[in-house]
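The structure under discussion appears below in the form of structure tokens.
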Amino acid sequence: MKISEKTLKTLEFDKIRELLAECALTEGARGLCRALLPTDREEEIILRQSHTQDAAKLIGIKGTPSFGEIIDISDACERAVKGATLTPRELLDVADNLRVCRRLLEYIRTNRLFDTSLDEIFERLIPNKSLEDKITRAIISEEMIADEASVALADIRRKIRVINIKIRDMLQRYTQNNEYSKYLQENIVTMRNGRYVIPVKVECRNEIRGLVHDTSSSGATLFVEPVAVVEANNELRELESKEAHEIERILSEMSADVAECSSVLLLNYRNITELAFIFACGELAFRMNATAPSINRERRVELRRARHPLIDKKKVVPVDIAIGGEYDTVIVTGPNTGGKTVTLKTLGLLSLMAQAGLQIPAEDGSSVCIFDRMLADIGDEQSIEHSLSTFSSHMVNIVSILDDLTDKTLVLFDELGAGTDPIEGAALAVAIIEQVREAGVICAATTHYAELKAYALNTAGVRNASCEFDIDTLKPTYKLIIGTPGKSNAFAISEKLGLPENIVTRAKGIVSSEDRDFEDVIAKLEASRVEMEKHRAEAAEIRAELEREKAEADKKYAAKIAEAEKTLEDAQKKSTELLNTARASSEFVFDQLDKLKKAKDSERLADELDEKRRNIRKHLRENEDKIDPVQRNEDENYVLPRALRKGDNVLIRNINKRAVVTSLPDKRGNLMVRAGLIDMRTSEKNLKLLNDDEINVITKDKKKVTTSDFSASRVRQIKSEIDLRGKNGDEAWLLVDKYFDDAIVAGLHSVHLIHGKGTGALKNALWKLLRTDGRVKSFRIGQYGEGDGGVTVVEFK
């Protein structure tokens, strides 16, 4: 992309680069940020945007990776290749690069949730753990090499420590011995020229034999190396020389290792720097709350709620900017300080950012096209040094712009034609716009000239736009309105600011009637637009409310449909189960009746009849439990609050039946209880003491009720009469037997058996069985109003 540094500065792209550099974590990345330029290659723009998008996504999920403070190791690698010995600092820098390389690979490979466009760059990193460990194990700091760097170095330093102790012990005899200490200026051991010495008074020079290495500044003290330690000091100097040579050998060996893999190290550094730069782009996107624009080939720019990135987030007003497509030129008008120039800069700066691979501070759905040139004439560049007036400086810029146009150029003019005679300036502005339009560029210009407003109204492909201004508050709203020309509002602003009314009136009279009429038309258009915007906002609010209500209604309707479908499905399933159960029960009953007919002549007819009756009753109850189960509340951790006494009301927990205690527990905890007519033995652990007359049960529809509620519900389900007409004795008794059980559970005290008058055979068969049924207290023929002789009234015990 061809763009001058002057244009980049005019559109403040240099400030964006500085913001980007503040986000970078390495010096190399900061250099890339400050050198960033937009490009006009579509593939590169898309790749850069993908890198930034993926970096921002990774930052949001895993945080920013650690880059440390690595520095450029190119010079160190080059020196190592030439055979030079690297300093400890340079070797530590190499180790830092290798450590960052390893950690970056761990970052991208750990908790990998998705593939990114950065994976290729990450995978180009080649760690070298052995070299990294070798350097960090051998070099503690820039000034210190570890003893573990080599066996020889460790041995030399051990000997140095031993000889140091030996020398100090020998010198202590001088400082601590009264015979010698009187000759010393101080009882200390010090060093001069790398050798241990003692401070001797100058007048006692001959009392201690040795070599003089130095004198004090006053001349009163001589620093003497006693003859006794000369040999030891010589040995110490030899060991120190060996130590220096061994350290040099170690550094030389590690430098050779660096030279051997210098190409890999340089590649790693370049990849780490590139990653640090990309993550700086992602961090900037986070700070700006930016989004990735789409790239189109339609020569169209559409920015939704775009914000200038250099204006305070709390103060900036988002604007919608659209140019290209139906119109290639926008003429922006409005009062001074209304936001016209900011709009131009926002359009240019966000286009530059997008083509540089940066996300832009705008809402999703924003789209930009690719420009190969961006030319701007913005600001007052009056130059005294070059004898240029405001108008002249603008013309110099415009001339250079007109000489460099292509059909993929974005041109931005601020106050086009200003600084000269208004009539001539307006004519020049129209001619310049027509010239740039002939080149096929996209152009945005600001102006105060009414002629340009009229030109935009009457020219296809040119659209007016205005920066809204609130006359009542004398403050701009900074909203860009596409399609409506703006007013300068000079008269209204001047009057509000206190200019005498007569001056304003006189000024209005000086304006030509045509210009006045034109401004009045614009004012009416603006008023109509404001009213329309108000109605549109109200309509949008009503529409949003209706859509919310519709969505809620649709949700409720869908829920009702789903509930109805589930209810229907459950009912169909239930009916199928009922039908299958009824079929199975009827087949079982008929099978038992057939067996009874075959055994009617048997001597054990009565016993077999009772046995079959019990089997049928049990079978029916089992099937009923399948269709209409009652789930009972279990209390696994229940403990009796006191010892049981005779007459206590209890609940038999495993069958959920009420009973009365009839005997005290024996040694094993077993006792007798009566449940209805049945006496049974159970464990006291299976009983729950009732404090009142109610127990809790859970019905099949998961509703919790008491036994009184449960009985009431069964009373509502079971009628107090059963119709047996048309049945023979055995068939009728099968129905009556089960009916009695249900009636007793439901709490009915008496029932009516409808058998009809007929021959009396059915009644006689029923009465015969009623006399032997332990559940029946009494029975009688029905009275008048109860069914007379066709009904038997049965009373339960």
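Data table
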| quantity | calculated |
| --- | --- |
| Long-range amide H partners of Val197 with built H, under 5 Å | Thr190, Met191, Arg192 |
| Listed peptides 551-563, 351-363 by packing density, highest first (mean Cβ within 10 Å) | 351-363, 551-563 |
| Square roots of 5 times each gyration tensor eigenvalue, C-alpha, region 1-58, largest first, Å | 20, 17, 9 |
| Rounded percent of accessible protein surface that carbon and sulfur make up, region 10-137, 1.4 Å probe | 51 percent |
| Ordering of 224-233, 165-174 by packing [mean C-beta count within 10 Å, highest first] | 224-233, 165-174 |
| Calculated diffusion of region 727-797, Stokes-Einstein form, Kirkwood radius summed over Cα pairs, 10 °C and 1.306 mPa s, µm²/s | 130 µm²/s |
| Region 408-472 versus region 336-371: alpha-carbon centroid distance in Å | 19 Å |
| Label point 7 Å beyond Cα of Ser74 along Cβ direction - residues of region 25-50 with amide nitrogen under 19 Å | 25-37 |
| Per-q log10 I(q)/I(0), region 206-318, q = 0.10, 0.18, 0.22 Å⁻¹ (Debye; single scatterer per alpha-carbon; no solvent) | -0.69, -1.07, -1.20 |
| Pair-distance profile P(r), taking every C-alpha pair of region 84-218, with 10 angstrom steps and integer % | 10, 23, 17, 16, 13, 9, 7, 4, 1 |
| Computed over region 19-176, Kirkwood Rh from alpha-carbon pairs, angstrom | 19.8 Å |
| Region 93-173 - Rg over Rh from alpha carbon coordinates, Kirkwood radius | 1.34 |
| From phi via Karplus (6.51, -1.76, 1.60), per-residue ³J(HN,Hα) for region 107-123 in Hz, x at Gly/Pro | 4, 7, 8, 7, 6, 6, 9, 7, 7, 10, 6, 8, 4, 4, 5, 4, 6 |
| Projected area, mean over directions - region 219-270, Cα convex hull, nm² | 7.0 nm² |
| Equivalent ellipsoid semi-axes, region 159-265, via Cα gyration tensor eigenvalues times 5, rooted, Å | 41, 14, 10 |
| Simple label model, 7 Å out from Cα along Cβ direction - Leu735 to Glu143, nm | 11.2 nm |
| Two-decimal Rg to Rh for region 327-436 - Kirkwood Rh, Cα set | 0.98 |
| For region 268-389, projected area of the alpha-carbon convex hull averaged over all directions, nm² | 11.1 nm² |
| Heavy-atom accessible surface of region 297-439: percent carbon and sulfur, 1.4 Å | 49 percent |
| 1.4 Å probe accessible area per residue over region 324-453, in Å² | 35 Å² |
| Stretchable slack from Ile655 to Lys315, in nm (0.36 nm times residue separation minus alpha-carbon distance) | 114.9 nm |
| Region 130-226, accessible area per residue, ligands and nucleic acids excluded (1.4 Å, Å²) | 58 Å² |
| Portion, in percent, of the accessible area of region 716-794 that falls on carbon or sulfur, probe 1.4 Å | 51 percent |
| Under the Karplus curve 6.51 cos²θ - 1.76 cosθ + 1.60, θ = phi - 60°, whole-Hz ³J(HN,Hα) for region 305-318, x wherever Gly or Pro sits | 6, 6, 10, 5, x, 9, 9, 3, 4, 6, 10, 5, 10, x |
| R0 of 56 Å, Cβ-Cβ distance Asp155-Lys182: FRET efficiency to nearest 0.05 | 0.85 |
| Cα-projected label distance for Glu541 with Thr759, points at 7 Å along beta-carbon direction, nm | 8.9 nm |
| Cα point-scatterer Debye curve for region 396-485, base-10 log of I(q)/I(0) at q = 0.16, 0.22 Å⁻¹ | -0.70, -1.17 |
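The values are calculated or read from the model by the stated rules, or taken from the named source; none is laboratory data. None of the values given here were measured: they were computed from a predicted structure. A quick note on method: Cβ atoms are made from the backbone with ideal geometry, for glycine too, and the neighbour counts reach across all protein chains shown. Each accessible area value is taken on the protein alone, full model and side chains, heavy atoms only, with ligands, DNA and RNA left out. Shrake-Rupley method; radii C 1.70, N 1.55, O 1.52, S 1.80 Å.
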